[in-house]
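The values are calculated or read from the model by the stated rules, or taken from the named source; none is laboratory data. The model shown is predicted, which means the values in this text are computed figures rather than measured ones. Note that we place each Cβ from the backbone using ideal geometry, even for glycine, and neighbour counts take in every protein chain shown.
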Amino acid sequence: MPTVFIPPSLRKLTGNQERIEVAALSVRDAIAELEDRYPGVGPRLCADGAIKPGLSVAVDGNISSLGLLQKLKPDSELHFLPAIGGG
Amino acid sequence: MATVEKEQQAVSTNGHYKVIGTRPIRHDGVDKVTGRARYGADTRLTGMLPAAMLRSPHAHANIKSIDTSKAEALPGVRAVVTSADLPDATDRVANLGEGTVNLKHLSDNVLAGDKVLYRGHAIAAVAADNIHIAQEAVKLIQVEYELLPPVLTALEAMKPDAPLLHDDLRTDDLGEIADTPSNVATHIRFEKGDVEAGFAAAEVVVEREFHTATVHQGYIEPHNATALWNADGHITIWMSTQGTCTAPQQTAELLDLPVSRVKVVPMEIGGGFGGKISVYLPPVAAILSKKTGRPVQLVMSRTDVFEATGPTPGSAIRIKMGVDGQGRITAAEAWLAYEAGAYPGSPVGAGAMCVFACYDVPNGKVDGYDIVVNKPRTNAYRAPGATNAAFAVETVVDEICEKLKLDPIEFRINNGAKKGTRRIDGPVYPRIGMEETMAAIRDCEHNRTPLEGKHRGRGVATGFWFNIGLKSTAQATVNPDGTVALIEGSTDIGGTRASIAMQLAETLGIAAEDVVPTVVDTDSIGYTDVTGGSRVTFATGWAAYLAAKDIQGQMIERAAKIWDCDVTAVDYKDGGVVGPDGKRFSFKEIAAEAHKIGEPVIGRGSADPQEPGGAFGTHLVDVEVDMDTGKVTILRYTAAQDVGTAIHPAYVEGQIQGGAVQGIGWALNEEYFYDDQGTMRNSTYLDYRMPTTYDLPMIDTIIVEVPNPGHPYGVRGVGEVPIVPPPAALANAIYQATGVRMHELPMSPPRLLHEILKQRASNGDQ
């Protein structure tokens, strides 16, 4: 199952778990499952139907431009990271 | 740069390709060297009015009132604007390609509302019959201020009793908002493993604090914008920008218009380095144009550029690293506080992700803070956030190597990140070339040549930058003579017309010179993200590759029609189409035939690639220090960088050299000098000391090619990472030369001399 790496700032909502496996086929599903199991996580990651401004989701090491729509593989890793820009 | 002979230009240094790896003359070269290239300030339109800007003389003040009546009454004045002329920007966030922006902050930065937050903050603008009248009129605008104390550094701004810039700003910790207002906009944290156990297992632990000054990108061409708000409601803006498509987005959002109403014509750009992504002038020029019914031009002075456009942040950084007796890193911690300037948005997130990115750190913790201060809103500058962090961590690594008597290059190879390494922020690296750049430096002639002489030292440092992908579009029209007209939306800063055209040429199997690339306006090409993030050769090059593949497909169809066979019997190879019974058309032949028998052949490519491939660079430098003045002379400099595949090696070398030179300036001289009231005291190039050719030796480059598996030609971004290692490499060289560890940038003569004298005093020397 895909694994979500929980940012340290959210771990008090997940019982201090650092990694959580989710039965999800997309980033949207993964966050929905997290919200079901650990209420409060979803709004910290999403707003207005998208990943929150200033935040990005990396799937298997790459920042996804698809955001919530990004499909996941069974062994995918998800990381929520600060959005960055280049010069 | 050495001159490359014509014969050499046709030989690929890569060996795998015919065009990629060669050094053709850049398509825009003649216009650039003959002065025909047109930059933003060259724009001349019938009836055009010049405009001037009123800027705050104070770093922090409430605006009680603005009276423009005397200015408006001055003969020759055509229009005056203040923030009252801008639509009310709600406190919402807009996605503008490379990132998001708070529109209220962006609007207030364009024209201050009820508060000025830095000296130079724009307040009003005047369009007049000539620039002298406009400048006189600006002086007649009366602003009543209520002065407030400024706060100028991250550490001061973090104190509980610090003056607040924004009454409504509360620290955001991944969505958890603090109860009380603060200058700390954001806190981020990354953790990996067991940090305490890691430090307990260390034989040597080094903990140091570092400070870096505010520095500017130092582009030669000041910001400019010429706007025409036409009677049909459409706005055209001629400007210098890194964001051809994001500039109209920002302008439209600020003016509360559909983006389709704003067209940007990107002029040639005289440098950007990240500093020409934000919009400052276009909305103001547009409103002045609307008021006057005439085109209006705004051009910044050099002082405006320094005081009112985004420099890179000053920072305070604490690094703690532990290493065991075998020379393996056991744990590392970083604490980074970056100055955002007047509005949130420093690159501390990137700094926090980069700080230990060169190493395999089993146990780590990183805290980052985005801090508002009374300085101009910071902006991107080549690998934003990474250079500050690398200065700190690479200096600590050098000190650890000294304590454990380890070779600093071998230490970095042994502890270096490689494929499969998990960063502290989480992701696992794909194939990367950090180790290869270190090995290239270890084995280079420079490193194998002993450095002799008094007060001379050699330093090494490495650095990382992510690079980014984002969206790009390219369109290629095949001409009957077999040439191809390529249009694209990426402003060409570093020779990207050539590097994009070469990827199209390689794919079609034609000469780079047979492609004519043009950068066009936003009505003429599909959406293309910024020229930044080292993304253009990667992503727009990919779009050009796709456009070429589209052309290949159309040529196959056309050949099948001519040869009266099925398309499956035709293939595209070696620069032409081949069919049954040995039939073949070269590209020029099929281009001519295609023109006779069907619709024009136009290839289209649009790309949103996701795997930009991180870039690593390692630099080696020899210095000599004048112990009586603290002046550092660079004797020799070599930079090795993993570039994936070098499309045009000369421009790759140029990017590495340019980045290294900017890093050297950041390291040794450049800084904003502020007085207690927040006034920059060196806001001209006479006083803001940037390196010149007199200060530098030739920067030798070693191109390392570890192809990026995420690109058809293996391209990695090139332009940013070379600015990352220089400050640390120089600090480590200065230590070898003097015995003084520098923990603050710039390491300018007075600052270095101060440390030398302190060391002498502590040693009891006279």
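Among the numbered criteria (1) β-branched (Val, Ile, Thr); (2) under 23 Å from B:ARG458 (Cα atoms); (3) buried (at least 19 other Cβ atoms within 10 Å of the Cβ), which one does B:THR692 miss?
So the condition that B:THR692 fails would be (3).
Looking at B:MET680, B:MET690, can you tell me which residue is aliphatic (A, V, I, L, M) and closer than 17 Å to B:SER748 by Cα?
B:MET690
Considering the stretch B:359-379 alone, what residues qualify as being closer than 28 Å to B:GLY198 by Cα, part of a loop (DSSP other than H, G, I, E, B) and of a type in the set (D, E, K, R)?
B:ASP360
Please verify whether the stretch B:536-558 includes one or more residues that are in contact with a strand residue (DSSP E or B) (Cβ under 7 Å, 6 or more places away or on another chain), at pLDDT 95 or above and not in a helix (DSSP H, G or I).
no
Residues that are small (Gly, Ala, Ser) and either within 14 Å of chain A (Cβ to nearest Cβ) or buried (at least 21 other Cβ atoms within 10 Å of the Cβ) (or both): which helices (runs of 4 or more DSSP H) entirely in the stretch B:380-496 hold 1 or more of them?
It comes to B:386-403, B:434-443.
Name the pairs: first residue in the stretch B:300-329 and farther than 30 Å from B:ASN414 by Cα, second residue of a type in the set (D, E, K, R), Cβ to Cβ under 6 Å, at least 6 apart or on different chains?
Hits for this filter: B:GLU307/B:ARG119; B:GLY310/B:ARG377; B:PRO313/B:GLU339; B:GLY314/B:GLU339.
Taking B:GLY270, is it within 14 Å of chain A (Cβ to nearest Cβ), at pLDDT 95 or above and either more than 20 Å from the chain's Cα centre (by Cα) or over 22 Å from A:LEU55 (Cβ atoms) (or both)?
For B:GLY270, the condition - within 14 Å of chain A (Cβ to nearest Cβ), at pLDDT 95 or above and either more than 20 Å from the chain's Cα centre (by Cα) or over 22 Å from A:LEU55 (Cβ atoms) (or both) - is not met.
Under 25 Å from A:ARG11 (Cα atoms) and under 32 Å from the mean Cα position of the chain (by Cα) - does that describe any residue in the stretch B:192-206?
yes
Residues are listed down the side, and each one gets a yes or a no for (1) over 24 Å from B:SER315 (Cα atoms); (2) hydrophobic (A, V, I, L, M, F, W, C); (3) more than 14 Å from chain A (Cβ to nearest Cβ):
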residue	(1), (2), (3)
B:ASP114	yes, no, yes
B:ALA122	yes, yes, yes
B:ALA134	yes, yes, yes
B:VAL138	yes, yes, yes
B:ALA162	no, yes, yes
B:GLY193	yes, no, no
B:PHE199	yes, yes, yes
B:ALA202	yes, yes, yes
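Here is a list of conditions, (1) within 14 Å of another protein chain (Cβ to nearest Cβ); (2) touching a residue at least 60 places away in the same chain (Cβ under 8 Å), and B:LYS104 meets all of them except one; can you say which number that is?
Of (1) within 14 Å of another protein chain (Cβ to nearest Cβ); (2) touching a residue at least 60 places away in the same chain (Cβ under 8 Å), only one is false for B:LYS104: (2).
So that you can scan it fast, the table gives a plain yes or no per residue for (1) of a type outside the set (Asp, Glu); (2) in the same structural domain as B:THR496 (by TED's automatic domain parsing); (3) in contact with a strand residue (DSSP E or B) (Cβ under 7 Å, 6 or more places away or on another chain); (4) surrounded by fewer than 17 Cβ atoms within 10 Å (Cβ to Cβ):
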| position | (1), (2), (3), (4) |
| --- | --- |
| B:SER586 | yes, yes, yes, yes |
| B:ALA592 | yes, yes, no, yes |
| B:THR629 | yes, no, no, yes |
| B:VAL632 | yes, no, yes, no |
| B:GLY644 | yes, no, no, no |
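With the structure loaded, tell me whether B:HIS223 is touching a strand residue (DSSP E or B) at 6+ places or on another chain (Cβ under 8 Å), away from chain A (no Cβ under 14 Å) and more than 30 Å from A:ARG19 (Cα to Cα) or whether it fails that test.
yes
Anything in the stretch B:299-318 that is away from chain A (no Cβ under 14 Å) and either assigned to a helix (DSSP H, G or I) or small (Gly, Ala, Ser) (or both)? List them, or say none.
Result: B:SER301, B:ARG302, B:THR303, B:ASP304, B:VAL305, B:PHE306, B:GLU307, B:ALA308, B:GLY314, B:SER315, B:ALA316.
Hey, among the residues in the stretch B:151-178 that are small (Gly, Ala, Ser) and under 24 Å from B:GLY678 (Cα atoms), which one's surrounded by the fewest Cβ atoms within 10 Å (Cβ to Cβ)?
Filtering first and then ranking leaves B:ALA162.
Looking at B:VAL323, B:VAL265 in this structure, which one is crowded, with 21+ Cβ neighbours inside 10 Å, of a type outside the set (Asp, Glu) and not assigned by TED's automatic domain parsing to the domain that holds B:ASP523?
Of B:VAL323, B:VAL265, the one residue that is crowded, with 21+ Cβ neighbours inside 10 Å, of a type outside the set (Asp, Glu) and not assigned by TED's automatic domain parsing to the domain that holds B:ASP523 is B:VAL323.
Being assigned to a strand (DSSP E or B) and within 14 Å of chain A (Cβ to nearest Cβ) is the filter here; which residues of the stretch B:166-183 pass it?
B:THR171, B:ASP172, B:ASP173, B:GLU176, B:ILE177, B:ALA178
Tally time: how many residues in the stretch B:721-735 are within 14 Å of another protein chain (Cβ to nearest Cβ) and not in a helix (DSSP H, G or I)?
Residues that pass the stated criteria total 1.
Report, ordered by the first and then the second residue, all pairs with beta carbons closer than 7 Å, sequence separation of six or more or different chains, a first member in the stretch B:149-166 that is touching a residue at least 60 places away in the same chain (Cβ under 8 Å), and a second member that is of a type outside the set (Asp, Glu) and assigned to a helix (DSSP H, G or I).
Cβ pairs passing all conditions: B:VAL151/B:ALA157.
Any idea how many residues of the stretch B:262-298 are within 27 Å of B:GLY76 (Cβ to Cβ) and assigned to a loop (DSSP other than H, G, I, E, B)?
5
Quick one: B:ASN363 ticks every box in (1) within 14 Å of chain A (Cβ to nearest Cβ); (2) within 21 Å of the chain's Cα centre (by Cα); (3) on the phi < 0 side of the Ramachandran plot except a single one, so which number is it?
(2)
Among the residues of the stretch B:263-276, is there at least one that is of a type in the set (Lys, Arg), under 25 Å from B:LYS375 (Cα atoms) and out of contact with any helix residue (DSSP H, G or I) (no Cβ under 6 Å at 6 or more places or on another chain)?
yes
Residue by residue, here is whether (1) crowded, with 20+ Cβ neighbours inside 10 Å; (2) out of contact with any His (no Cβ under 8 Å at 6 or more places or on another chain); (3) more than 24 Å from B:VAL151 (Cα to Cα) holds:
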site	(1), (2), (3)
B:HIS648	yes, yes, yes
B:VAL652	yes, yes, yes
B:ILE656	yes, yes, yes
B:VAL661	yes, yes, yes
B:ILE664	yes, yes, yes
B:LEU668	yes, yes, yes
B:ASP675	no, yes, no
B:GLY678	yes, no, no
B:THR684	no, yes, no
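Just one of the numbered conditions (1) part of a loop (DSSP other than H, G, I, E, B); (2) surrounded by fewer than 22 Cβ atoms within 10 Å (Cβ to Cβ) is not true of B:VAL718; which one?
(2)
Could you look through the stretch B:326-349, keep only residues that are in a loop (DSSP other than H, G, I, E, B) and farther than 17 Å from B:PRO163 by Cα, and pick out the one that is nearest to the other protein chains (Cβ to nearest Cβ)?
Checked the stretch B:326-349; the qualifying residue nearest to the other protein chains (Cβ to nearest Cβ) is B:PRO347.
Exactly one condition in (1) within 25 Å of the chain's Cα centre (by Cα); (2) more than 14 Å from chain A (Cβ to nearest Cβ) is false for B:ALA357; which is it?
Result: B:ALA357 passes all but (2).
Considering (1) within 14 Å of chain A (Cβ to nearest Cβ); (2) in contact with a strand residue (DSSP E or B) (Cβ under 6 Å, 6 or more places away or on another chain), say which one B:HIS711 fails and leave the rest.
The single condition B:HIS711 does not satisfy is (2).
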